[in-house]
Ligand SMILES: [Zn+2]
């Protein structure tokens, strides 16, 4: 396989892992969002998931509205070495806080399975124009099947947590996945 194919295989594998972590979060009483930070050799630096519905512990941020999957990853990873060589994979488009943190840390790449048309930072930050976003290349929703899986997984949470305006955006963006939720 050439380098491009290698990267595509890796992207798919780690997005699937982020989705697996998202389901783990849901089963634990938190929101269904997962994230994996990976180095240039394809080694996992840290795995994280949303922990808003769980206690704060010595190993994980928790029990706070900001205990998002990406923050769990960042607090576990601590000081990053060569952040521009790292890729963060998430099951859902990062929010303004987590997208901002990714940029602040100067991660090389950010890949997400599913758009978040209400809570996602892409709606508020024009990534390519933002002066602090220039290091981080963004790859949204590269695989339709994983995008579908992530949208179906988060749909219940989107309906519960977002105001009517947000849920309307979700229904418009993902009509099939939000049907009957
Ligand atoms: Zn977030």
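Laboratory data are not the source of any read-out in this text; all were calculated from the coordinates shown. Here the structure is a predicted model, which is why all the values come from computation and not from measurement. Cβ: placed from backbone, ideal geometry, glycine included. Neighbour counts: every protein chain shown.
At-a-glance table
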item	result
Förster radius 22 Å - calculated FRET efficiency between residue 97 and residue 13 (Cβ-Cβ, nearest 0.05)	0.25
Reference-scaled alpha-carbon Rg (2.2 N^0.38 Å with N residues) for the chain	0.97
Choice from 160, 51, 12 with maximal GNM fluctuation in the chain (Cα, 10 Å cutoff)	160
Residue 75 versus residue 156: modelled label distance in nm, points set 7 Å from Cα along the beta carbon direction	2.5 nm
Pair residue 148, residue 20: separation of 7 Å Cα→Cβ label points (nm)	2.2 nm
Extension reserve of the residue 135-residue 66 stretch, reckoned as 0.36 nm per residue once the Cα distance is removed	22.4 nm
Along principal axes, Cα extents of region 130-180, largest first, whole Å	40, 26, 16
Between region 1-23 and region 128-181, the Cα center-to-center distance that results, in Å	19 Å
Ratio Rg/Rh [Cα only; Rh per Kirkwood] for region 17-59	1.04
Per-residue [θ]222 nm for the chain (sum of -39500 (n - 2.57) over DSSP H runs n ≥ 4, rounded to 500)	-13000 deg cm²/dmol
Segment residue 27-residue 56, extension gain: residue separation times 0.36 nm, minus the distance between their alpha carbons	8.7 nm
